[in-house]
Amino acid sequence: MRLSPPKKIIVERNVANSSLLEQLKKTLPQVPVEVLNHRKDFPKDDPDVLEIISFKGRLLKSCPGTRHYLCCGYQILHFGVQCTLNCTYCILQAYLNQAGLRLFGNEEEIFSALLEELNRNPQTLYRIGTGEYTDSLLLDPWTRFSRRIVPLFARRPNAVLELKTKTNFVENLQGLDHGGRTLVGWSLNTRSVQISEEPRTASIKQRIDAAQRVSGWGYFLSFHFDPLIEHKNWRQGYEETLDRIFQAVDPGRIVWISLGAFRFMPQLKPIVQRRHPRTRILYGEFIRGLDQKMRYFRDIRVELYSFMWETIRKADPQLCVYLCMESEDIWREALGFSPEQRGGLPQMLDDAVKTKMSVGLQCIRSNPCQGETPPGDGGSFGCV
Amino acid sequence: MNPEVPAQCTPLRILPKHLDFSQEHFRIGRFKSREDLVASLEAFGMLHPPLLWTQADGTLAILDGFERLHWAKNRGTREVLSLVLPPALSGNELWRIRVQTLLFGLPLNPAQKAQVIHRLSSQFSFEQIHTEFLPLLHVPGRPESLKSWCLLAHQDHEVLGAAAREEISERVALELVHWEPEAMKTMVRVLTELQCSASIQWELVERIKEVAIREALPRARVLENLMSELEVTPQKHPRRKTQALRDILERRRFPRLKEREAHFETLLKKGALPNNLRIYPPPFFEGRNWQMHITFSNREQLVELLSTSTRFALSPLLEEMMNPLASKSTKTQGRS
Ligand code: SF4
């Protein structure tokens with residue numbers, strides 16, 4: 001997978017001395033840098049510009065749960081926004097007021113606030129990810145962000161970091177002191193969906209090869225089949241991808257696999273139709289869900305999930321599989337149990353962290369869902 | 001625009017036979033009959049003078065008033081009082097004046113808007129059309145809509161006529177211009193026959209488009225299938241026929257949902273519940289909120305209905321209604 005560098009970097013003056021910018025100047029010496037006083041002076045909607053600003057909002061955001069669809073209690077660490085991979089279904093397209101790539105330059109501030117939060121609640125187990133508003137590793141070859149954040153978690157007794165990506169940009173992870181507290185997660189799909197809906201991302205093979213490499217470096221893994229898309233020969237396609245995973249990596253290194261059938265806000269439909277006129281993904285049997293998002297008619301969701309669940313169980317019956325933002329009745333019908341029977345979904349995932357990664361063994365609390373609404377819907381796309 | 005332009009007009013008495021009627025550059029056809037205009041002309045004569053423009057060779061081109069002047073010519077009227085613009089005006093100025101003349105008549109129909117936008121597009125930039133003219137024409141200014149309007153302007157009499165007479169809505173007309181010509185024509189005929197509201201027209205058009213994309217078929221093929229299915233229904237009245245077409249399309253667009261609904265109805269029938277006891281699934285079977293409505297008029301009847309409903313609740317029919325997949329499948333249940 002190849003990525004073209006930005007044509008220009010624009011920096012907000014108060015982060016002009018940041019270590020992030022220093023790093024970018026080293027990895028992208030040919031790219032001109034312009035420093036502007038205020039964010040409002042930045043050019044609008046230029047996809048060739050990489051913006052560095054200082055982030056002022058809430059550092060950790062919760063994955064949203066609703067009364068009807070259960071969430072996983074995941075926390076999102078906001079380190080940047082937007083993505084240039086242009087997947088047809090990506091929710092970030094709806095956020096056109098911020099079309100360009102933007103990173104937060106006040107990393108030190110963000111990191112110290114993060115550590116403060118983790119120290120304040122030593123009995124809470126935090127599952128933290130960075131890939132909700134962008135892809136976790138897309139810009140890593142230039143920013144080397146992973147080299148700064150992964151060691152930060154290496155000794156944390158109550159937190160794990162999940163880096164979710166559709167790239168194979170894992171070089172920087174090699175040789176890091178990760179302390180077994182970082183999972184590298186890939187969003188996966190069938191080969192045909194990757195080709196038609198995610199053409200700029202790494203191929204399925206490249207992603208699984210990358211997973212194999214990082215697993216060899218001691219990292220734990222996660223996989224996200226989100227969005228699951230009903231398409232021609234989907235059973236065969238998903239089975240092939242799952243087979244590839246289990247041939248390439250030891251299921252013992254996989255902490256969880258999430259499943260999420262394609263869903264979208266109704267406002268996204270005209271945007272996708274305009275930006276990706278050839279895609280067919282919008283024309284499945286979608287109904288308006290209880291959260292007002294368009295979802296596949298329930299019987300289709302149940303079929304997708306049951307198939308995936310049964311196929312995964314054949315490879316490893318102990319593997320933690322969860323449904324992303326689904327209702328309890330769908331859990332029961334597709335998987336034969338509800339998270340409530342296992343203490344709730346956050347608890348289920350915490351148990352997977354404790355059992356597989358041996359992290360947070362002393363923690364007695366899971367992160368509660370706080371019902372906010374990031375652009376995807378918690379562990380969903382953009383990015384995964 | 002130069003506010004002085006109207007002052008440049010000279011009122012002149014013109015012989016219609018001296019006008020160049022073949023010069024139709026500024027003509028914006030209505031694509032529907034103008035009996036009202038003719039009746040007015042017959043009764044009151046020409047109350048508004050036509051607007052002419054002196055071309056470089058001295059001949060007079062018609063800017064506004066084609067139908068009035070045609071009427072005058074056919075009637076053998078000797079002289080018509082007209083306003084004449086001087087030759088020194090540019091194409092852009094003439095079009096600005098022409099658009100102004102259109103604002104004082106009846107509201108423009110979609111066929112007229114399409115012609116105006118198409119002509120403007122060869123004269124002005126998108127930016128100019130967008131900011132200066134589209135608001136005057138009450139047209140929402142999205143970049144892709146300009147293309148649709150221009151495509152509409154290129155359609156034949158049948159399509160433009162249907163749009164002008166509002167047999168097809170403006171939104172539908174702008175969508176159909178992107179269809180294959182054969183499918184567009186068939187759809188225009190179908191909608192003209194069905195005489196349904198703009199919102200139902202849009203629903204039909206959108207459903208057909210989505211079915212075609214979903215099934216990777218040309219729209220013409222989808223329409224052909226639908227028409228042959230529609231033919232076998234006994235419905236002849238436009239409203240009933242419209243409903244029949246909506247139902248056929250709904251089944252085709254949402255086969256799994258419709259299958260489930262049909263299954264639910266079959267089970268309901270099997271349960272032989274009395275009319276005053278009714279079960280409703282949640283919308284689209286999404287979520288757990290099923291409902292039972294009981295209508296009763298006395299205590300005995302309520303007791304009777306409650307015992308019927310209890311019998312039904314304990315029967316396997318309810319389980320199958322609520323979880324048909326689980327009842328059907330022999331799949332392994334999850335660990336718990
Ligand atoms: S889905 Fe993820 S990888 Fe694809 S464009 Fe969105 S953020 Fe990028």
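The values are calculated or read from the model by the stated rules, or taken from the named source; none is laboratory data. The structure displayed is predicted, hence computed values, not measured ones. Cβ: placed from backbone, ideal geometry, glycine included. Neighbour counts: every protein chain shown. Remember, those area values only see protein heavy atoms, side chains included, never the ligands or the DNA or RNA. Shrake-Rupley method; radii C 1.70, N 1.55, O 1.52, S 1.80 Å.
Taking the conditions exactly as written (more than 21 Å from B:Pro283 (Cβ to Cβ), open to solvent by less than 10 Å² (accessible area, probe 1.4 Å) and either of a type outside the set (Ser, Thr, Tyr) or within 7 Å of chain B (Cβ to nearest Cβ) (or both)), does A:Val302 satisfy them or not? So A:Val302 fails the test.
A:Pro151 - would you say it is at pLDDT 95 or above, more than 16 Å from the ligand (Cβ to nearest atom) and surrounded by fewer than 24 Cβ atoms within 10 Å (Cβ to Cβ)? So A:Pro151 passes the test.
Quickly run through segment A:166-210 and pick out the residues that are buried (at least 22 other Cβ atoms within 10 Å of the Cβ), assigned to a helix (DSSP H, G or I) and within 16 Å of the ligand (Cβ to nearest atom). A:Val193, A:Gln194, A:Glu197, A:Ile204, A:Arg207, A:Ala210 - these are the residues of segment A:166-210 that are buried (at least 22 other Cβ atoms within 10 Å of the Cβ), assigned to a helix (DSSP H, G or I) and within 16 Å of the ligand (Cβ to nearest atom).
The residues of segment A:231-284 that are within 14 Å of chain B (Cβ to nearest Cβ), among the charged types (D, E, K, R) and open to solvent by 40 Å² or more (accessible area, probe 1.4 Å), listed by number, are A:Lys232, A:Arg235, A:Lys269, A:Arg274, A:Arg275, A:Arg278, A:Arg280.
A count restricted to segment B:259-281 and to residues that are closer than 30 Å to B:Ser228 by Cβ and open to solvent by 50 Å² or more (accessible area, probe 1.4 Å) stands at 7. The condition of being among the hydrophobic types (A, V, I, L, M, F, W, C) and either part of a strand (DSSP E or B) or touching a strand residue (DSSP E or B) at 6+ places or on another chain (Cβ under 9 Å) (or both) holds for only one of A:Val214, A:Val302, that being A:Val214.
Report whether or not B:Phe285 is within 14 Å of chain A (Cβ to nearest Cβ), modelled with pLDDT of 95 or more, surrounded by 11 or more Cβ atoms within 10 Å (Cβ to Cβ) and in contact with a helix residue (DSSP H, G or I) (Cβ under 6 Å, 6 or more places away or on another chain). When the stated conditions are applied, B:Phe285 passes them.
Examine segment A:38-47 for a residue that is surrounded by 14 or more Cβ atoms within 10 Å (Cβ to Cβ), at negative phi, more than 22 Å from the chain's Cα centre (by Cα) and in a loop (DSSP other than H, G, I, E, B), and state whether such a residue exists. The answer is yes, given that some residue of segment A:38-47 is surrounded by 14 or more Cβ atoms within 10 Å (Cβ to Cβ), at negative phi, more than 22 Å from the chain's Cα centre (by Cα) and in a loop (DSSP other than H, G, I, E, B). The condition (being over 18 Å from A:Pro5 (Cβ atoms), away from every other protein chain (no Cβ under 14 Å), assigned to a helix (DSSP H, G or I) and more than 11 Å from the ligand (Cβ to nearest atom)) is satisfied by just one residue among A:Leu92, A:Leu115: A:Leu115.
On the stretch given as segment B:107-138, residues that are open to solvent by less than 10 Å² (accessible area, probe 1.4 Å) and not in a helix (DSSP H, G or I) total 1. Scanning for something within 12 Å of chain A (Cβ to nearest Cβ), within 16 Å of B:Glu203 (Cβ to Cβ), in a helix (DSSP H, G or I) and open to solvent by less than 40 Å² (accessible area, probe 1.4 Å), does segment B:235-247 turn up at least one residue? No, there is no match, as no residue in segment B:235-247 is within 12 Å of chain A (Cβ to nearest Cβ), within 16 Å of B:Glu203 (Cβ to Cβ), in a helix (DSSP H, G or I) and open to solvent by less than 40 Å² (accessible area, probe 1.4 Å). Can A:Ile287 be described as more than 30 Å from B:Glu144 (Cβ to Cβ), open to solvent by less than 20 Å² (accessible area, probe 1.4 Å) and not aromatic (Phe, Trp, Tyr)? Spelling it out, it is not the case that A:Ile287 is more than 30 Å from B:Glu144 (Cβ to Cβ), open to solvent by less than 20 Å² (accessible area, probe 1.4 Å) and not aromatic (Phe, Trp, Tyr). Do we find a residue being outside any helix (DSSP H, G or I), within 11 Å of the ligand (Cβ to nearest atom), open to solvent by less than 10 Å² (accessible area, probe 1.4 Å) and not aromatic (Phe, Trp, Tyr) anywhere in segment A:158-165? Yes, there is a match, as at least one residue in segment A:158-165 is outside any helix (DSSP H, G or I), within 11 Å of the ligand (Cβ to nearest atom), open to solvent by less than 10 Å² (accessible area, probe 1.4 Å) and not aromatic (Phe, Trp, Tyr).
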